[in-house]
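This report refers to the structure that appears directly beneath it.
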Amino acid sequence: MSSPKVKPAPLPADTMVGGYRIVRKLAAGGFGVVYLALDTEGQQVAIKEYLPASLATRAPGELQPLVATEKLSLYRLGLKSFFEEGRALAQIAHSSVVTVLNFFRENETVYMVMDYLEGASLQEYIVTARELKHEKVFRESTIRSLFDEVLRGLRVVHQHKMLHLDIKPANVFITDDNKAVMIDFGAAREVLTKEGNFTRPMYTPGFAAPEMYRRDSTMGPWTDIYAIGACIYACMHGYPPVEAPQRKDKDKLETALQRFRGVYSDNLIELVEWCMALSPADRPQSVFELQKELAREGERRYTRLSVAEKVRMQFDNLVSDKKKTATKAAPARSK
């Protein structure tokens, strides 16, 4: 039996890379580690190190990742993509896109130096709001102004011929001075997924467009737009939508959105449906097209539900709650 894969060790505190001093690890994902570091002036920065856990290992206290010979070409391919991503992001100056201050090669890997942001992710806000159990997770005006800000940044990203490819509430950061900033772009991940036969899902279920699950399909602005629709849905519902492959057989999105009638405006509900169309051609083709729709303040009609519809919805909710309870309570049967 093969031993469980050990995650590569992060750089220890006080390590110097490219003139920056590592303070501590902030986060680690499948494709790298993010550190809090100090520059030569003592200013705080965030440094992202390319370190894909599926391709490289690193012993505690070491600087260089160890890559098996058979994984080297894939490791280098991802490295090149990560470097290109740093170069492209460094050219973008927008308050809604994380600022890349520097990027460099060292220790057989690449480091991306970014603004250190203080605040919390949209995901953390959603979880907190959801626990308050209000009818609305977020007010409609909050959703519209938040995504207006995000879309301004995304439009600039697309103008630079880049795609984000991993928009989700965890990657939308709300700073302490109330700015919405997109973080953690997925370009290196995209290259590695296309080339390597990875079995683990590379995308976040619920936020990834259907075309991200197929190797032969074309990504475009519409791919990020699907994720924006899914993020708005999460802000309305408190939970992510059903993942795209499950929607193919029986699409329950429309039914789920019907529950928001009378709570959110018809316009906002239809906007989510439009962004999350299963066919890329049926979605907004550009961020500009979506921005125009999101800004249509005069369209805020709310469908008043009839008593029969309300009863029907309550019945549906009760049935689904009972099913959930029954599933949790069901004892495991031995075969």
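Just so you know, all these numbers are worked out from the coordinates, no wet-lab data involved. None of the values given here were measured: they were computed from a predicted structure. All Cβ positions, glycine included, derive from the backbone under ideal geometry; neighbour counts span all protein chains shown.
What the table below lists for this structure:
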| item | result |
| --- | --- |
| Computed E for Asp282/Leu38 - FRET, C-beta separation, R0 45 angstrom, nearest 0.05 | 0.40 |
| Burial order of peptide ranges 235-247, 276-288 (average beta-carbon count within 10 Å, highest first) | 235-247, 276-288 |
| Neighbour-count order for Trp222, Trp274, fewest beta carbons within 10 angstrom listed first | Trp274, Trp222 |
| Region 16-115, dipole about Cα centre (Lys/Arg Cβ +1, Asp/Glu Cβ -1), debye to the nearest 20 | 160 |
| Mean Cα-pair separation over length for region 16-115, i.e. relative contact order, pairs under 8 Å, 6 or more apart, % | 23 |
| Estimated FRET transfer efficiency (Leu132, Glu70; beta-carbon r; R0 51 Å; 0.05) | 0.50 |
| Neighbourhood charge, 12 Å Cβ-Cβ cut-off, centred on Gly220 and excluding it, Lys, Arg +1 and Asp, Glu -1 | 0 |
| Residues Met112, Met182 arranged by fewest to most Cβ contacts within 10 Å | Met182, Met112 |
| Thr15-Thr142 pseudo-label distance in nm [points 7 Å out on the Cα-to-Cβ vector] | 3.9 |
| Inter-label distance, nm, simple model (7 Å from Cα along the C-beta direction), Asn102/Arg215 | 4.0 |
| Backbone HN-Hα couplings from phi across region 237-252 [Karplus 6.51/-1.76/1.60, Hz, Gly and Pro as x] | 9, x, 9, x, x, 4, 6, 3, x, 6, 6, 4, 6, 9, 8, 9 |
| Gain upon complete extension [Ser95, Lys252; 0.36 nm per residue less C-alpha separation] | 52.9 nm |
